[in-house]
Structure formats: structure tokens, C-alpha cells
Amino acid sequence: MSVMGTSGEERNDYTKDESRQIRQRSLRLLGSLISPLRARVILTMVVVVVSTAAQVAGPALIAFGIDRALPALINGNSLPLVLVVAAYLITGVAGATMIAWYTVLSARVSQAILFDLRKRVFLHTQRLSLEFHESYTSGRIIARQTSDLDAIRELLDSGINQLVQGALYMVFIAIAMFSLDWVSGLVLFASLAPLAFLTRWFQLRSQLHFRETRTTSAKLIVHFVETMTGIRAVKAFRKEERNREHFGGLVEKYRDANARVIRLFGIFDPALVLIGNVALAMILLLGGLRVSTGDLAIGALLGALLYARQFFAPAQEMAMFYNSYQSAAAALEKISGVLEEEPSVVDPTTPIDLRKASGTVKFDGVEFAYNSDKVILPKFDLELPAGQTVAMVGTTGAGKSTLAKLISRFYDPSQGTVSLDGVDLRKLHPKDLRRAIVMVTQEAYLFSGNVADNISLGKPDATREEIVAAAKAVGAHEFIEALPNGYDTDVNKRGGRVSAGQRQLLSFARAFIADPVVLILDEATASLDIPSERLVQAGLQTLLSDRTAIIIAHRLSTVAIADRVLVMEHGRVIEDGTPQELISGSGKFAQLHAAWKDSLV
Ligand SMILES: Nc1ncnc2c1ncn2[C@@H]1O[C@H](COP(=O)(O)OP(=O)(O)OP(=O)(O)O)[C@@H](O)[C@H]1O
Ligand SMILES: [Mg+2]
């Protein structure tokens with residue numbers, strides 16, 4: 001497992017060693033993103049250097065024009081002026097063209113990086129095992145794919161451009177300035193001290209405040225997402241008023257954090273202008289004195305003044321770079337954490353071919369714990385012969401779903417092996433495994449698309465006849481026909497909205513069409529009314545007839561169709577027998593059954 005760990009929230013209390021590892025992890029990711037684009041990155045750099053140089057040539061050409069070309073013209077030689085004007089036009093046009101080219105090039109590089117990263121984050125989170133998804137909240141995954149990628153996009157799109165262009169600009173101007181008039185160059189150089197001081201102050205302060213705006217906005221989003229995903233509970237328990245206060249508080253904090261950032265700019269911007277103007281005034285003063293004594297040409301002074309004005313222009317954007325760099329670096333750290341997370345359930349390197357599976361499931365010395373501190377299923381052996389219909393009952397939290405998750409290999413046992421027809425599940429090809437073993441849960445998730453698409457998920461190449469046959473088999477055909485467009489009804493459109501029980505029927509059809517040798521129903525009939533359940537029961541019997549089936553159910557009516565009943569308690573199977581045997585005995589199941597019988601009369 002990587003440094004981040006899969007459980008809990010992001011931590012801030014990293015040790016030195018961990019921080020170094022995290023930085024290295026980010027750099028590795030960055031390297032792997034950039035290395036395929038190396039040639040393009042180099043070309044982009046060359047273009048930006050040349051274009052900046054072309055842009056900076058302007059004032060020097062003006063100075064030359066005034067000091068040399070104009071006197072030459074007065075003396076009857078117009079060639080120097082023509083040359084200067086031509087050079088000015090050429091550098092101007094070339095500079096503009098190159099800037100355009102640079103914009104396109106750098107956008108291509110940043111888009112390529114983002115494209116790659118976006119895909120990687122999606123594919124990788126999808127590949128990660130259930131263990132990861134059960135502890136890494138969906139809100140955090142959404143943040144990886146949205147705000148974190150946005151922070152990186154912002155850095156790539158504007159931050160780096162501004163830094164590179166700004167830095168080059170300042171360096172070229174400094175060089176031009178010194179070669180034009182070294183005294184003005186020195187003034188500019190001297191102004192770097194307050195500029196550096198101001199920028200550093202701004203960076204330190206803004207870092208603090210920007211982090212505050214980021215954390216407050218993150219809290220805002222989390223609260224919003226939680227309220228809206230839990231809107232039913234919010235309404236049912238009249239939580240609106242408390243939410244209003246809580247959210248109001250968060251919004252206020254966010255506003256205050258933003259106000260602090262803006263106030264910072266209120267100091268930084270004027271201070272920057274002041275430094276620039278003082279430098280300009282000094283250059284004018286010192287230059288003017290030397291022009292009057294004839295030590296400096298007037299064109300050179302004009303050039304120096306033009307340079308000085310341009311010199312400070314990129315400073316503000318460069319100061320901002322630090323912030324976008326910081327949030328992008330934080331985002332990259334988090335994303336690289338997810339990307340270095342390894343699936344806990346690993347695909348086999350050399351899978352064993354499962355020819356015709358018959359469906360015998362066997363647990364050999366299996367022990368299971370989600371976290372090493374609490375064993376959920378203590379060591380046990382269990383065999384479910386091929387074709388048997390097994391009902392599993394037991395109190396809430398007994399470990400029934402956990403056992404089911406081991407059979408469908410959402411998790412691997414901590415010890416021992418789970419096998420299908422004698423083959424360790426860990427050695428099966430995922431494709432074989434998914435074809436052989438299907439688990440239907442209460443969740444019965446429907447994806448966007450129409451009803452037929454949702455059923456054929458179990459068998460992507462199914463024909464319409466097969467889909468209809470599957471729906472008929474589980475008793476879903478009637479209600480599907482009654483939908484506005486029958487099997488072509490969009491499940492997300494008004495009118496296509498189906499009830500919880502109907503959703504379960506659809507997921508049965510989905511399982512039926514997949515035709516697995518082992519089928520697990522984890523409380524999959526819980527939302528059905530008694531008539532529907534009866535209807536399904538008939539369908540269920542066909543669905544379960546020639547395969548191994550594990551039905552987890554609280555309703556004892558569902559249990560009646562089983563060949564065998566397992567009663568679980570605290571992670572152990574405490575009773576195991578045919579329904580008749582258990583009912584006639586004096587165990588837990590007999591008690592449950594008697595109570596259930598009583599409730600019927
Ligand atoms: N992802 C998880 N991480 C850690 N512990 C878990 C996880 N899922 C379940 N547990 C714990 O494992 C135990 C068994 O849970 P399980 O879901 O298997 O119970 P169950 O028998 O299916 O209960 P129910 O009838 O309520 O569905 C519970 O104590 C639960 O707290
Ligand atoms: Mg359960």
C-alpha cells in the first residue's frame with residue numbers, strides 16, 4: 001500500500017521521510033507524463049526564447065533609429081532609417097507570429113498531459129479493488145478527477161507560460177538595458193532588491209491565504225455534495241435548518257478568506273507600481289543629467305525608459321505563479337497517491353483455464369478480516385456442491401455479505417483459499433471469474449441508457465429475443481411492456497423511472513442472461529412486495545435450477561426454495577442443514593421459523 005493509505009481522510013502530519021516519498025512520487029508521475037512529449041517540449045522552449053528576444057528588440061531599435069538613423073537621414077543617407085524600420089517591422093511581425101505559435105504549442109503540450117492524466121485517473125480508479133472504493137469516499141475521487149485536474153490545468157495553461165515568458169522577458173530586458181546604457185541598467189538592478197522583498201512577502205502571505213480559500217472551498221463542496229446526495233434523509237429529518245446554519249458559516253469563511261486574498265493584492269499591486277515608477281524616475285533623472293552633458297544619447301535614454309516600463313509588467317503574474325504552482329503540486333501529490341495505489345485483489349499472471357465449470361465452491365481454512373485489527377470471519381471450511389441452492393440467514397452484521405464478497409472475489413481471504421471447481425479463485429482469469437460467478441445485490445444499479453441495454457449488461461452480445469426471454473423468466477416483462485417505450489425506454493427519463501422492486505427485477509434479468517454457474521443474491525429480493533416476490537420466486541426457481549446459488553435473505557419465504565440453509569452468527573456458520581431438518585430441530589433457525597409462522601396468523 002502506498003504512503004497515502006486507503007483509509008481515512010488526507011493527512012497533513014507527514015514525517016520528513018514520507019514527505020520526501022510523496023514528492024518523489026509526484027516527480028515520477030510528472031516525468032512519466034512529460035517524457036513522451038520531450039521533443040514537443042523542447043521545440044516549445046526554443047520558440048518562446050526566440051519570440052521573447054524578438055519582442056524585446058523593439059526599444060533598442062528605436063534608440064538606434066533616433067541616435068544613428070535620424071542624423072544619417074539629416075545628412076542625406078536614408079538607408080539606416082529604412083533598415084531600422086524594416087528590422088522593427090520584421091521583429092514585430094516575427095515576434096507576434098512566434099507568440100501565436102508558442103501559444104498553440106504550449107496548449108498542445110498541456111492538453112496532451114491533461115488528456116493522459118485524466119484517462120489514467122479514471123482507468124486506474126476503476127481498476128482498483130472494492131477495498132479501495134469502500135474506504136476512499138466518492139467525494140474525494142470526484143475531487144481527484146475535477147478540482148485537482150483543474151489546478152494542474154491552470155498551472156499548465158497559464159502559470160507556466162507566465163513564468164517562462166515573464167522570466168525570459170525580464171532577463172532579455174536586463175541584458176538589452178545593460179548593453180544600451182549601463183547606468184540605467186544599474187538602477188534597474190538596484191530596484192530588484194525591493195521587488196524581490198515585495199514578491200517574497202506576497203508569496204508567503206498569499207500562500208497562507210490561498211490555502212485557506214482552497215480548504216474552505218473544499219469543505220463547501222463536500223457539504224454541498226453530502227446534502228444533495230442525502231437529500232431524502234435531509235428532508236425526512238428536517239435537517240434543512242441546521243444545514244442552513246452550517247452552510248452559511250462555511251460560505252462566510254470562504255468569503256472572508258477570499259477577502260483576505262484581495263486585500264493582499266490591494267497592497268501588492270500599488271507597491272509594484274510604486275517601485276516601477278521610482279525606478280523610471282531615477283533613470284530619467286540620471287539619464288537626463290547625462291544627456292545634458294552629452295554623455296548619453298537621447299535615443300538611448302528613450303530606449304532605457306521604454307525598457308524600464310516593460311520590465312515590471314510580468315512581475316505580478318510571476319508572483320501569482322507561486323500559488324498556482326502550489327495548488328498544482330498539492331493536486332499532483334494527491335493524484336499520484338491514487339495512481340500508485342495497487343489493487344488489493346490482483347489478477348493472476350498466468351491464469352488457469354476454466355473449461356466447463358460445474359460450480360463447486362469450496363472454502364479451505366479461510367479466515368477474513370477487512371482490517372488486521374478485527375477478524376470478521378474466523379477460520380472455517382465450507383463446501384457448496386455444484387447445483388445446490390443454499391440460503392444464508394443470520395443477524396445483521398453476521399458476515400453474510402462478507403462471505404458472498406469472498407466468493408465473487410471482491411476481496412481475497414486473509415488466509416486459506418476459496419476455490420471454484422478446485423481452482424483457487426486467485427488463479428482464475430478475471431474474464432472466466434466474472435462469467436462463472438455473478439453477484440446481485442440490493443443496490444441494483446441502473447446505468448444511463450434504455451432498459452434493454454441495462455439487461456444486456458450481463459451479456460453484451462445478447463439479441464433482443466434473449467433479452468425479452470430473460471425478462472419473461474424473472475417476471476419483468478409485463479412492467480417493461482407497460483413503460484412508454486417498452487424495452488427502449490430510457491431509464492433516466494421521466495416515465496422511465498422505475499421503482500426499487502422493478503429495478504431488482506431488471507437486475508435479475510441481467511443475471512439471468514449472464515447465465516453464470518454460481519449466482520449470489522444478496523438481499524436481492526428485499527424490495528419486492530409479496531406478489532412480486534411470488535412471481536419472482538417462480539422465476540427464481542428457473543433461474544436457480546441448474547447452477548450453484550447462494551441466496552442471502554431475511555425473508556424466510558425466500559428460504560423455502562433452498563436445498564440447504566446456513567445460519568450465520570458472528571462470522572461463523574452455526575447451523576447447516578436442509579430447511580426441514582433445521583425447522584424440526586431446536587436451533588436458531590427453528591426459533592426464527594416459529595416466530596415467522598406466528599406472525600403470519
Ligand atoms: N468494507 C468494510 N470494511 C470494514 N468492515 C466491514 C466492511 N464491510 C463490512 N464490515 C464489517 O463486517 C461485519 C460483517 O458485515 P456484513 O456486511 O458481511 O454483514 P451481513 O451479515 O451481510 O449483515 P446484513 O444482514 O446487515 O447485510 C460487520 O461487523 C461490518 O461492520
Ligand atoms: Mg449484507
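No lab work stands behind these numbers, since they all come straight from the coordinates. Keep in mind it's a predicted model, so treat the numbers as computed, not measured. Neighbour counts run over all protein chains shown; Cβ positions are idealised from the backbone, glycine included.
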Contact order relative to length of the stretch 361-600, as percent, for alpha carbon pairs under 8 angstrom and 6 or more apart: 26 percent
Compactness of the chain as Cα Rg over 2.2 N^0.38 Å, two decimals: 1.42
For Met439, residues with placed amide H under 5 Å, excluding near neighbours: Ile520
DSSP bridge orientation in the chain - percent antiparallel, rounded to nearest 5: 50 percent
21 Å Cα-Cα reach of Lys334 towards lysines, excluding residues that sit fewer than 8 places from it in its own chain: Lys16, Lys119, Lys219
Given the chain, longest segment not containing exposed loop GluC sites (Glu not before Pro) (DSSP; at most 14 other Cβ within 10 Å): 11-442
The stretch 245-365: relative contact order in percent, alpha carbon pairs under 8 Å with at least 6 residues between: 20 percent
Residues Arg118 and Asp515, FRET efficiency given R0 of 45 Å [Cβ-Cβ distance, rounded to 0.05]: 0.80
Sites matching trypsin sites (Lys or Arg not before Pro) across the stretch 234-333 that sit in DSSP coil, with at most 10 neighbouring C-beta atoms within 10 Å: Arg238
Contact order relative to length of the chain, as percent, for alpha carbon pairs under 8 angstrom and 6 or more apart: 14 percent
Check: the stretch 18-340 dipole with +1 on Lys, Arg Cβ and -1 on Asp, Glu Cβ, in debye: 1040 debye
Distance in nm between pseudo-label sites at Ile262 and Leu208 (7 Å out along the Cβ direction from Cα): 2.1 nm
In Hz, Karplus ³J(HN,Hα) per residue of the stretch 173-189 (6.51, -1.76, 1.60; θ = phi - 60°; x = Gly, Pro): 5, 4, 4, 4, 4, 5, 6, 7, 7, 5, 5, 4, x, 5, 4, 4, 4
Residue (of Phe410, Ile551, Met228) at the positive-pole extreme of the chain, dipole from beta-carbon charges: Met228
Backbone HN-Hα couplings from phi across the stretch 305-310 [Karplus 6.51/-1.76/1.60, Hz, Gly and Pro as x]: 5, 4, 4, 4, 5, 6
Under 5 Å, built H, 5+ apart or other chain: amide partners of Met392: Ile551, Ile552, Ala553, Leu566
Sequence-distant residues sharing a close amide H with Arg497 (under 5 Å, placed H): none
